[in-house]
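Just below is one structure, and these are the notes that go with it.
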Amino acid sequence: MTDANWDQVKADMRAAVGAGNYKSWIEPLSLLTTDQGVAHVGAPNLFVGDYVGKTYGDQIIYHLNRQGLSVQRLAFEVAGATKPALNNAPKSAPSKPANTQADASPDQRFTFNNFVIGKPNELAHAAAKRVAEGGPTTFNPLFLYGGVGLGKTHLMHAIAHELGERRPDLNVLYISADQFIYRFISALRDRKMMDFKQHFRSVDILMVDDIQFLEGKESTQEEFFHTFNALVDQNKQLIISADRAPGEIRDLSERIKSRLQCGLVVDLHPTDYELRLGILHAKQENYVNVYPGVEIATGVLEFLAHRISSNVRVLEGALNRLYALASLVGRTVTVEMAQDCLSDILRASDRKLTIEEIQRKVSEHYDIRLSDMLGPKRTRSLARPRQVAMWLCKQLTTRSLPEIGRKFGKRDHTTIMHGVRKIDELRQSDSQIADDLEMLRRALED
Ligand code: ADP
Ligand code: MG
């Protein structure tokens, strides 16, 4: 591989990720060697390597392959490891429009425009929108929480973007709690605490992402608390995120918890099928430019939205991989191809349905008590739902018959087998049962 090829890869990445991201993440990379399908890439520090790998890995691999290099994996190494890795840690998140002043071109990925709204996130979106208006503070802080990959960082960046446009006079700072900790420690070490305090107290809007990372870091917490109070006292808006509710963050001091709860606490719920499909459709539009000519057969997006329910980042990664593959092999992506090329992701995100969930759902459906479903009574009105539940457990979980038996009030595995057979028969002859099974299955699998 020549330098020119690598330059081309970088140019392609620039087109794909935008100038802001390019500058923060791709430009500092160098290609060291490639060996047996592994491209060794030099990064200024491990943090950058880690982030790039997770965020852009698939795309880089794709473009390397386009340059004629057969690469399946990237390995990041700290290039020119003369400086301690952390010294080069980027001062801000990838696409943060730095202090919303014009020194970095904003990344177009994390905007309100690109945020797909659905039931699970509409409240968080509305609250973020409100803050982004830049009017007088009505709630402080705004605390966003929810599982990984549900859009917290996206929303925070979107706020920064919009504020940058509406209120260029305001000094907006986005920082991850990691970076906050790092800067705090550096300031202590370099005896620059005054600068540190000054810096954070002079912002108009402060966003701190992922504060669960403050867990157990007492002195940083203390400093965070002071910064927090100083800003709130001046009526400056704070936006905080975490992967769980304030009360559930271990080792966070009670003072901080109660202050966090004083504002507006909103959670991002796990995505539902509709939202996932909406996101995939939106992403697909972006891909049209990056991978011209690639076609995705109907049903593929639905398949992905149905099967990958964990986290939007994984969903995006899957779509990205599909596009990269399709454009390599020059074929339309079909559901079979998706199953094949995403088998690892699909396996990992297979929802683990439990026997208990099935039992609960079925007893609700037939309006019987859970205790009766598990108990010894054998009247038809109980026995039939019980068998339905057994059948669903056999179909939808990987549990063995003895295991299922144990969870049905310690019944023998032959009883379970009998129940499953009975329902298999009835399914053919009784359309009511067939409908029930279909409905329950759908409800459980969503
Ligand atoms: P979190 O910070 O909650 O872990 P992110 O904000 O980093 O999650 O989101 C992960 C990825 O999913 C990002 O690429 C983001 O753009 C995307 N994403 C999440 N939710 C949405 C949404 N509602 N609409 C569009 N993209 C989304
Ligand atoms: Mg995040």
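The values are calculated or read from the model by the stated rules, or taken from the named source; none is laboratory data. Values in this document were obtained by computation on a predicted structure and should not be read as measured data. With ideal geometry, Cβ positions are generated from the backbone for all residues, glycine too; neighbour counts draw on all protein chains shown. In case anyone asks, the SASA skips ligands and DNA or RNA and just uses the protein heavy atoms, side chains included. Shrake-Rupley method; radii C 1.70, N 1.55, O 1.52, S 1.80 Å.
Let's see if you can work this out: charge +1 on each Lys and Arg Cβ, -1 on each Asp and Glu Cβ, no other charges. What is the dipole magnitude of segment 3-78 about its Cα centre, in debye to the nearest 20? Please list the in-between numbers first.
On the way: 6 positive and 8 negative charges, 38 e Å.
That gives segment 3-78 a dipole magnitude of about 180 debye.
How many nm separate the modelled label positions at ASP412 and ARG331, each set 7 Å beyond the Cα in the direction of the Cβ?
Result for the modelled spin labels: 5.1 nm.
Over what distance in Å are the Cα centres of segment 175-192 and segment 134-159 separated?
Each part's Cα centre sits 23 Å from the other's.
Beta carbons within 10 angstrom, averaged per residue: use that to sort the peptides 155-162, 319-326, highest first.
So the peptides 155-162, 319-326, ranked by packing, come out 155-162, 319-326.
Using the scaling law 2.2 N^0.38 Å as the reference, what is the normalised Cα Rg of the chain?
Working it through for the chain, the quotient is 1.17.
Could you tally the net charge around ARG73, taking each other residue with its Cβ under 12 Å from the Cβ of ARG73, Lys/Arg +1 and Asp/Glu -1?
Once positives and negatives cancel, what remains is -2.
When Lys and Arg each count +1 and Asp and Glu each count -1, what net charge do the other residues less than 11 Å away from MET417, Cβ to Cβ, add up to?
Taking every Cβ under 11 Å from that of MET417, the sum is +2.
So which lysines can LYS10 reach, going by Cα to Cα under 16 Å and dropping same-chain residues fewer than 8 places off?
LYS23
Quick check: residue separation of SER400 and ASP251 times 0.36 nm, minus the Cα distance between them. What number comes out in nm?
49.6 nm
Can you find, among SER241, THR332, VAL71, the residue farthest towards the positive end of the dipole of the chain? Put +1 on the C-beta of Lys and Arg, -1 on that of Asp and Glu.
Sorting the options by dipole projection puts first SER241.
About the Cα centre, and with charges only on the beta carbon of Lys, Arg (+1) and Asp, Glu (-1), how big is the dipole of segment 383-446? Nearest 20 debye, please.
Around 400 debye, computed over segment 383-446.
Given charges of +1 on the Cβ of Lys and Arg and -1 on the Cβ of Asp and Glu, with all other atoms neutral, how large is the dipole of the chain about its Cα centre, in debye to the nearest 20?
1160
Just how far, in whole angstrom, is segment 216-295 from segment 309-370 if you go by their alpha carbon centroids?
When both Cα centres are located, 25 Å separates them.
Let me have the 222 nm mean residue ellipticity of the chain computed from DSSP H runs of 4+ only, each contributing -39500 (n - 2.57), with the sum over all residues rounded to the nearest 500.
Theoretical 222 nm ellipticity from helices: -17000 deg cm²/dmol.
Could you give the angle, 0 to 90 degrees to the nearest 10, between helix 380-396's Cα long axis and the longest principal axis of the Cα atoms of the chain?
Long axis of 380-396 versus the principal axis of the chain: about 50 degrees.
Accessible area per residue for segment 101-267 in Å², computed with a 1.4 Å probe and the full protein assembly in place, what is it?
Per residue, segment 101-267 has an accessible area of 45 Å².
Using 0.36 nm times the number of residues separating ALA383 and LYS119, minus their current alpha carbon distance, what extension gain do you get?
My answer for the length gained is 91.3 nm.
Can you tell which of LEU322, SER253, VAL265 lies farthest toward the positive end of the dipole of the chain, using +1 and -1 charges on the Cβ of basic and acidic side chains (Lys, Arg; Asp, Glu)?
Looking along the dipole axis, the top candidate is SER253.
Which entries of LYS119/LYS352; LYS119/LYS257; LYS257/LYS283; LYS152/LYS197 show an alpha-carbon separation above 29 angstrom in the structure shown?
Flagged as over cut-off: LYS257/LYS283.
Under a crude label model (7 Å from the Cα following the beta-carbon direction), how far is THR33 from HIS281 in nanometres?
5.0
Of the heavy-atom accessible surface of segment 355-445 (probe 1.4 angstrom), what whole percent is carbon and sulfur?
Accessible surface attributable to carbon and sulfur in segment 355-445 totals 46 percent.
For the chain, what does the relative contact order come out to in percent, with C-alpha contacts under 8 Å and a separation of six or more?
12
Ranked highest first by the average count of other Cβ atoms within 10 Å around their residues, in what order do 262-269, 294-301 fall?
262-269, 294-301
Determine the gain in length on full extension of the stretch HIS226-MET439; use 0.36 nm per residue of separation and subtract their C-alpha separation, reporting nm with one decimal.
Value of the extension gain: 71.3 nm.
Cβ neighbours within 10 Å, averaged per peptide: list 400-407, 184-191 in order, most packed at the top.
Top to bottom by mean Cβ count within 10 Å: 400-407, 184-191.
Any idea which of ILE60, LEU275, PHE115 is furthest toward the positive side of the dipole for the chain, if Lys and Arg beta-carbons carry +1 and Asp and Glu beta-carbons -1?
LEU275
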